[in-house]
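Student: Can you keep this structure in mind? I'll have questions shortly.
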Amino acid sequence: MRAVIPFKKSNAKSRLGTLLYEKEREDFAMAMLADVAGMLVDSDCFDVIDILSTSPIYLENTNIVLTEMGLNEALNEYLGKMSSHNLNEPVLIIMADIPLVSKKNIKDIVSSQADIVIAPGRMGGTNAVFIRNPLSFHVDYYGASFLKHLEIAKGLCIEVFDSFNLSTDIDEVSDLAEVLIHGKGHSKSYLEKIGISILANGGRVGVKRF
């Protein structure tokens, strides 16, 4: 069984630019990637953990596969290569910006007997897809990708994996509060290190910077 994480470091997480400088956003993206990859390693479910990266990086216990392609093209080429090399083993595609994912989440997904397990993100996105047979599926991210993936998987046995941890992708400044409240790993530590903390003054919880 293998896992693959698509990752972009250069100018990462641009919507956090009102609070974090570019270098901080890149470092935070690396911290989130380390949290996700760490849970994959700790789950002890995978023989191979590949990171499809648009730039050279290093992360322990993973293989870095450099690509200049966009998200869909890179992942579909990856699945296609598995098929062409008769590597018809299950594969988990998981996004790099869901730092709250737990070892239990991962074990529960890959223990499913469904052909396809889809973990939706907020606003119609897709944060993880477990594909039992790579020959049977291709990805189509952006927009309402959750609905598109349900359509692509039509005729297969599908399970929707509904999880707060997996649905919480970090894109907006307001999302950082979730990391500070629920996080336990590198991402939370990095935010605290650069002076980001919870802001709560009787209304909706947010974040502030010292």
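Every read-out reported here was derived from the displayed coordinates using simple, explicitly stated rules and does not represent laboratory data. These numbers come from a predicted model, not from an experiment. Positions of Cβ are backbone-derived with ideal geometry, glycine not excepted, and every protein chain shown enters the neighbour counts.
Student: Can you list the lysines whose alpha carbon sits under 28 Å from that of Lys193, skipping same-chain ones fewer than 8 residues off?
Tutor: The reachable lysines, counting only those whose Cα sits under 28 Å from Lys193, are Lys8, Lys9, Lys13, Lys23, Lys103, Lys104, Lys184, Lys208.
Student: First select every other residue whose beta carbon is under 15 angstrom from the beta carbon of Ser136; then total the charges, Lys and Arg +1, Asp and Glu -1.
Tutor: On the way: positive: Arg132, Lys154; negative: Glu89, Asp115, Asp140, Glu151, Glu159.
That works out to -3.
Student: Ranked by Cβ crowding within 10 angstrom, fewest neighbours first, how are Glu172, Glu24, Glu68 ordered? Before the final figure, lay out each step's value.
Tutor: Details: Glu172 12, Glu24 19, Glu68 8.
Sorted ascending by nearby Cβ count, the order is Glu68, Glu172, Glu24.
Student: Give a residue-ordered list of calculated ³J(HN,Hα) values for region 118-130 (Karplus: 6.51 cos²θ - 1.76 cosθ + 1.60, θ = phi - 60°; whole Hz; x for Gly, Pro).
Tutor: 10, 9, x, x, 6, 6, x, x, 10, 9, 7, 9, 9
Student: Among residues other than Asp27 whose Cβ falls under 12 Å from its Cβ, what is the net charge (Lys/Arg +1, Asp/Glu -1)? Don't skip to the answer; put the middle values down first.
Tutor: On the way: positive: Lys9, Lys13, Lys23, Arg25, Lys193; negative: Glu22, Glu24, Glu26.
Residues near Asp27 contribute +2 overall.
Student: Could you work out the local net charge near Asn76, counting Lys and Arg as +1, Asp and Glu as -1, over the other residues with Cβ closer than 14 Å to its Cβ? Write out the running numbers ahead of the final one.
Tutor: Details: positive: Lys81, Lys148; negative: Glu73, Glu77, Asp140.
Here the count lands on -1.
Student: Also: Here are several values of Cα extents along the principal axes in Å: (1) 50, 43, 30; (2) 51, 39, 31; (3) 53, 35, 31. Which one was derived from the coordinates shown?
Tutor: This structure yields the entry labelled (3).
Student: Which residues' amide hydrogens lie under 5 Å from the amide hydrogen of Ala3, considering only partners 5 or more residues apart or on another chain, with H built in the peptide plane?
Tutor: Distant-sequence amide H within range of Ala3: Val48, Ile49, Asp50, Leu92.
Student: Let me ask something else about it. Just how far, in whole angstrom, is region 41-55 from region 146-210 if you go by their alpha carbon centroids?
Tutor: Here the answer is 21 Å between Cα centres.
Student: Can you compute the charge dipole magnitude of region 54-105 about its Cα centre, using +1 on each Lys and Arg Cβ and -1 on each Asp and Glu Cβ, nothing else charged? Give it in debye, rounded to the nearest 20. Provide the component values of the computation, followed by the final result.
Tutor: Values: 3 positive and 6 negative charges, 52 e Å.
Magnitude of the dipole: close to 260 debye.
Student: Further, regarding this structure: Please name whichever of Thr18, Met32, Asn127 sits farthest to the positive end of the charge dipole of region 1-148, dipole taken about the Cα centre and charges placed at Cβ: Lys and Arg +1, Asp and Glu -1.
Tutor: Thr18
Student: Output wanted: per-residue J couplings in Hz (rounded whole) for region 46-57, from phi through Karplus 6.51 cos²θ - 1.76 cosθ + 1.60, θ = phi - 60°, x for Gly and Pro.
Tutor: Residue by residue, region 46-57 yields 10, 7, 9, 10, 9, 10, 7, 10, 7, 8, x, 9 Hz.
Student: How high is the relative contact order of the chain, in percent, counting Cα pairs under 8 Å that sit 6 or more residues apart?
Tutor: On the way: 390 pairs, mean separation 45.1, N = 210.
Computed over the chain, the figure is 21 percent.
Student: Ranking Leu79, Leu180 by Cβ neighbours within 10 Å, fewest first, what do you get?
Tutor: Values: Leu79 21, Leu180 17.
Ascending number of Cβ neighbours within 10 Å: Leu180, Leu79.
Student: Treating only the Cβ of Lys, Arg, Asp and Glu as charged (+1, +1, -1, -1), what charge dipole size does the chain show about its Cα centre? Round to the nearest 20 debye.
Tutor: On the way: 21 positive and 27 negative charges, 103 e Å.
In debye, rounded to 20, the chain gives about 500.
Student: Starting with the fewest neighbours, write out Cys157, Cys45 ranked by other beta-carbon atoms found within 10 Å of each beta-carbon. Numbers along the way, then the final one.
Tutor: Values: Cys157 12, Cys45 19.
Starting with the residue having the fewest Cβ neighbours, the order is Cys157, Cys45.
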